[in-house]
Amino acid sequence: MTTTRISEQIIDDINEGKENAFSALYDCYYSYLCAYATTYVFDPDEAKEIVNDVFMNIWSSRG
C-alpha cells in the first residue's frame, strides 16, 4: 500500500471518529509539524501550541 493510500485511509478513519487513526496521524506528523512551525514563529513552545490547535481542529471538524 502506498503512503498516499495509507494517509487516505487514516483520514477516512478519522472522519468515522476512530481515535486510533487520529493518534496515528498525530504520532506520525506532530514532531515534523512542530519543527516546521518553529521556523516561522521561532519559539518552540508557541509552535507546539499552534500544532496542537491544528490537531484539535482536525478532530473537531471530522465527519
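A few comments on the model shown:
- Leading residue by the ranking (modelled with the lowest pLDDT) among those in the stretch 1-51 that are within 15 Å of ARG62 (Cβ to Cβ) and of a type in the set (D, E, K, R): GLU8
- Residues of the stretch 1-55 that turn out to be in contact (Cβ under 8 Å) with a residue 24 or more places away in the chain, part of a helix (DSSP H, G or I) and exposed (fewer than 14 other Cβ atoms within 10 Å of the Cβ), as a count: 1
The values are calculated or read from the model by the stated rules, or taken from the named source; none is laboratory data. Please read these numbers as outputs of a predicted model, since none were measured by experiment. Positions of Cβ are backbone-derived with ideal geometry, glycine not excepted, and every protein chain shown enters the neighbour counts.
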